1. Among Arg214, Arg196, which is the only one that is closer than 23 Å to Asp183 by Cβ, out of contact with any strand residue (DSSP E or B) (no Cβ under 7 Å at 6 or more places or on another chain), assigned by TED's automatic domain parsing to the domain that holds Leu122 and without any contact (Cβ under 8 Å) to a residue 24 or more places away in the chain?
2. Kindly indicate the residue of segment 205-254 that is within 20 Å of Ala291 (Cα to Cα) and among the basic types (Lys, Arg) and also nearest to the ligand (Cβ to nearest atom) among those meeting that condition.
3. Could you tell me which numbered condition Asn94 fails, if it satisfies all but one of (1) out of contact with any Ser or Thr (no Cβ under 8 Å at 6 or more places or on another chain); (2) within 16 Å of the ligand (Cβ to nearest atom)?
4. Which of the residues spanning segment 307-325 are closer than 22 Å to Val206 by Cβ and modelled with pLDDT of 95 or more?
5. So which residues in segment 40-84 are touching a strand residue (DSSP E or B) at 6+ places or on another chain (Cβ under 6 Å) and surrounded by fewer than 16 Cβ atoms within 10 Å (Cβ to Cβ), if there are any at all?
6. For segment 337-361, how many residues are surrounded by 20 or more Cβ atoms within 10 Å (Cβ to Cβ) and closer than 16 Å to Ile382 by Cα?
7. Filter segment 61-79 down to the residues that are at pLDDT below 95 and of a type in the set (Gly, Ala, Ser) and list them by number.
8. Quick test for you: out of Gly137, Gly150, Gly179, pick the one residue that is on the phi > 0 side of the Ramachandran plot and either acidic (Asp, Glu) or within 16 Å of the ligand (Cβ to nearest atom) (or both).
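The values are calculated or read from the model by the stated rules, or taken from the named source; none is laboratory data. Just so we're clear, the structure is a prediction, and the values are computed from it rather than from any experiment. Reconstructed Cβ throughout: ideal geometry from the backbone, glycine too, with neighbour counts over all protein chains shown.
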Amino acid sequence: MKFSPLVDSIAGGGADTWKVHDRAVAMKAAGRAVTFLTIGDPDQAPADLIIEGARAALAAHHPGYAPIAGQPAVRAAIAARIARRTGAACAAANVVVTQGAQAGLYCAMQCIAGDGDEVIALDPVYATYGAVIAATGARMVKVPLDAGRGFHPDLAAIEAAVTPRTRAILINSPHNPTGAVFDEAEKRALADICRRHDLWLVSDEVYEDMAFARPHLSAWSLDEAAGRAVVVSSLSKSHAIPGFRLGWAAAPPALAGHIANLLMCLAFGGPPFIQEGVLPALKTDLPEVAALCEDYRRRGQAMAALLAGAPGCVVAAPEGGMFLLLDVRPTGLTSTEFAVALLEAHGVAVLPCDAFGPNVAGRLRISLTLPDDQLLAAGRRIVAFCESLRSAA
Ligand SMILES: Cc1ncc(COP(=O)(O)O)c(C=O)c1O
């Protein structure tokens with residue numbers, strides 16, 4: 001049987017990245033103790049308010065369809081949350097509720113780029129970006145983040161990459177996997193490039209609550225990006241509910257309408273009890289969210305301090321997000337060789353970054369998604385592994 005050309009665009013996106021993880025899953029199934037530091041799945045329990053809210057909404061609600069773009073009250077609450085956080089006007093008509101930030105990104109990209117277009121993305125890119133952009137027919141043009149400056153944007157290189165075919169610049173801050181949090185000047189300059197070249201600024205802000213080194217500045221708040229900012233975000237990480245698939249895209253009303261049309265074809269709306277369940281959490285800043293973010297800040301600092309003692313490795317505490325980047329190039333191993341050997345010797349699974357792009361080859365992404373004692377115990381095994389490498393050398 002024949003398939004459409006789409007299948008080639010969406011195949012293999014980051015598949016290599018997960019080989020070590022898959023091996024670890026197989027080892028665990030075979031009875032070995034394995035510590036997983038691979039996936040960005042928060043270990044904290046969600047707030048009772050959310051679980052009880054979803055339970056009550058499920059019990060009380062006729063399980064019918066929700067409006068395609070989301071429950072009106074939920075769209076309004078997300079809009080009010082964005083306006084509260086950014087100081088910029090945002091109305092329900094700007095917001096579409098999506099299945100996580102991921103579906104928001106997919107739908108937005110489908111509606112702004114197509115065959116022959118180009119989308120600039122900053123290398124390393126989050127694993128799904130390549131397939132999301134390729135599925136539109138557009139070409140992803142990768143511009144390296146400046147590794148020498150903690151993976152912050154190289155503004156001149158980004159502007160130099162703009163061509164008449166460029167439709168959008170896609171950014172992600174706090175950044176996965178490097179942990180970089182772009183500063184205000186960088187954000188404004190990126191928005192200004194978009195303004196001068198008439199481009200969309202698509203901003204993946206899924207880690208918006210986890211900015212440690214400096215405050216997170218949403219693209220929605222930038223005057224330079226007015227009328228061209230598309231923000232995708234979710235409660236997946238900050239509220240420890242990735243399985244709820246509750247995210248959104250905020251965009252100018254015309255684009256929000258197109259996204260809703262695509263969602264009609266794709267999903268026909270999301271589960272209403274999930275949307276109603278999170279409604280109270282959208283209206284307030286929960287202490288559980290602040291505590292979860294503090295967990296990641298503290299764990300990042302502690303793990304970086306511990307791994308600074310690992311011979312042949314270079315590490316810095318993340319500026320934000322829920323991952324730590326460990327540079328193992330001085331050991332002489334590739335990141336995949338290192339991760340495989342670490343898994344076999346010590347049962348610790350981490351993510352080799354080679355498949356994220358050449359700019360982070362030789363680094364490991366370590367998820368900070370375990371309680372502190374277990375995380376630091378795994379960190380000590382990484383240090384021990386590096387010491388054994390040095391002794392062997
Ligand atoms: C940068 C980035 N964007 C998007 C997503 C997907 O988020 P969601 O669960 O809200 O779809 C992730 C998940 O890990 C991510 O790291």
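1. Arg196
2. The residue in question is Lys237.
3. (2)
4. The initial filter retains those residues of segment 307-325 that are closer than 22 Å to Val206 by Cβ, namely 316-325.
Scanning segment 307-325 gives Ala317, Pro318, Glu319, Gly320, Gly321, Met322, Phe323, Leu324, Leu325.
5. none
6. So the answer is 9.
7. Matches in segment 61-79: Gly64, Ala66.
8. Gly179
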